[in-house]
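Visitor: One structure, pasted below without further comment.
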Amino acid sequence: MYYTDKLESLKDIFGSKEVSIEVDRLVVDGRTYPVVDDVIILLDPRQYPESLKGQGGLSERPSHFAEDIQFTFGEEWKEFSEILEEHKRDFSRYFDLVDVSGFSRFRVCDLGCGSGRWSHF
């Protein structure tokens, strides 16, 4: 399971004392969060998309899952994995409305965001 060796980080991220991982769920201080394809679903169950609703829907892959898109998205970040000086310029333009100077004292999660270049800066 992907999160097995990340429990201490998850405790820190959730600000909790008790975190455990099961086959298809994460349990944080007694609250259960489904895990689908190694993604922790933090939505309120009333907000689940149709692909996750229903009996057993959280452990099954959605019928519209497109493996080719997931594969090519991952391959893109293998191809463009370097963090370049020009990305620093782009970062300052993208995040010019956010005061990021105070972020160094926080843990920031950059999840599902390609190579993580923005979290680097």
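Values quoted throughout were computed directly from the atomic coordinates according to the rules given, and no laboratory measurement underlies them. Every value quoted in this text rests on a predicted model; they were computed, and no experiment measured them. In this analysis, Cβ positions are derived from the backbone assuming ideal geometry, glycine residues included, and neighbour counts consider all displayed protein chains.
Visitor: Would you compute the Debye intensity of region 80-120 from its alpha-carbon atoms alone, equal scatterers and no solvent, and pass along log10 I(q)/I(0) at q = 0.15, 0.32, 0.33 Å⁻¹ to two decimals?
Guide: -0.39, -1.24, -1.24
Visitor: Explain nothing, just the number: dipole magnitude of region 80-120 about its Cα centre with +1 on each Lys and Arg Cβ and -1 on each Asp and Glu Cβ, in debye rounded to the nearest 20.
Guide: Computed charge dipole of region 80-120: roughly 160 debye.
Visitor: Right, something else. Students often check this: by mean Cβ neighbours within 10 Å, which of 13-22, 94-103 ranks highest, and how do the rest follow?
Guide: 13-22, 94-103
Visitor: For residue 26, which sequence-distant residues (separation of 5 or more, or a different chain) have an amide H within less than 5 Å of its own amide H, given hydrogens modelled in the peptide plane?
Guide: 33, 35
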